[in-house]
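Comments concern the structure below.
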Amino acid sequence: MLTLTLLVAAGLQSGLTCPVMGGPANFKAGTTYYNGAQYAFCCAGCDTTFAKAPTSTLEKATKEKRVSGLFLFDPVTKTKIAPDKAVAHSDYAGIRFSFASAENKANFDKNPKAFATLPKKEALYCPVMGESIANYTKASGYADFEGVRYYFCCAGCDQTFAKEPSKYVANVKAKIRVPVAEKVAQ
């Protein structure tokens, strides 16, 4: 199973570029996570440059029509997706999005802008359970509410949150932040 996961991940990583210099992304050399996506770099130092100004770096890469990031969630269901579970992917605005079903991909492709929003604020703190989430790789999913992306600690929190979001966000205001580029130990 691990071999299949690595093969699928390698396929998804094919054609991705360093968001800083534009060379081939080297996922074996370590990665950085930002705004729900994973990024790899072509050489030493690019990760530091990226961390200083991720938004402007990604805007430049997108203008140059380069795909640099792997989004960690199916943007239609807003739930985490493992590379070996993805049935399809689409590239949009510099990010490769993976999907749990062909139907999700079709819905995304009809209007990618509606699904590919990356808010300027986030909370890596589950508003339902009141638990800190170490990083994007530990989140089960997310929901956007009033310009903030809230990440969830486990399956089911998204459904609870959707029923009454304003009830839950009041307790999380102190945890809202601007997305930060972070390395995560593999």
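We did not get these values from a lab; they are worked out from the coordinates using the rules stated. Quantities reported herein were computed from a predicted structural model and do not represent experimental measurements. All Cβ positions, glycine included, derive from the backbone under ideal geometry; neighbour counts span all protein chains shown.
Remark: Cys43, Cys153 ranked as Cys43, Cys153, counting other beta-carbon atoms within 10 Å and listing the fewest first. Extending 7 Å from the Cα toward the beta-carbon at both Ala102 and Lys28 defines two label points whose distance is 3.5 nm. In order along segment 87-98, phi translates into HN-Hα couplings of 9, 6, 8, 9, 9, 8, 6, x, 10, 9, 9, 10 Hz, rounded to whole numbers, per the Karplus curve 6.51 cos²θ - 1.76 cosθ + 1.60 with θ = phi - 60° and x for Gly and Pro.
Pairs to check: Lys138/Lys167; Lys63/Lys113; Lys52/Lys105; Lys85/Lys173; Lys80/Lys175. Give those whose C-alpha atoms are more than 26 Å from each other in this structure.
Violating the 26 Å Cα-Cα cut-off are Lys52/Lys105; Lys85/Lys173.
Along its first, second and third principal axes, ordered by size, segment 63-186 spans 38, 29, 28 Å in Cα coordinates. Distant-in-sequence amide contacts of Glu131, defined by a placed amide H-H separation under 5 Å and a gap of 5 or more residues or a different chain, comprise Cys126. Converting phi to 3J(HN,Hα) with the Karplus coefficients 6.51, -1.76 and 1.60 and the offset θ = phi - 60°, segment 121-136 yields 9, 8, 9, 8, 7, 5, x, 7, 8, x, 10, 5, 10, 4, 6, 4 Hz in sequence order, with x at every glycine or proline. Per-residue 3J(HN,Hα) values for segment 152-157, derived from phi via the Karplus relation 6.51 cos²θ - 1.76 cosθ + 1.60 with θ = phi - 60°, read 10, 7, 8, 4, x, 5 Hz in sequence order (x marks Gly and Pro). Residues whose amide H lies under 5 Å from that of Ser140, counting only those 5 or more places away or on a different chain, are Phe152, Cys153, Cys154; hydrogens are built 1.01 Å from N in the peptide plane. Modelled spin labels at Asp144 and Ala53, positioned 7 Å past Cα toward Cβ, are 2.5 nm from each other.
Placing +1 on the Cβ of every Lys and Arg and -1 on the Cβ of every Asp and Glu, with no other charges, gives segment 97-158 a dipole of roughly 200 debye about its Cα centre.
Annotation: amide H-H contacts under 5 Å for Phe145 (H modelled 1.01 Å from N, sequence separation of 5 or more, or interchain): Tyr150. The helix-only estimate of mean residue ellipticity at 222 nm for the chain, built from DSSP H runs of length n ≥ 4 each weighted as -39500 (n - 2.57), is -7500 deg cm²/dmol after division by the residue total.
Mean sequence separation of contacting Cα pairs (under 8 Å, at least six apart), scaled by the length of the chain, corresponds to a relative contact order of 19 percent.
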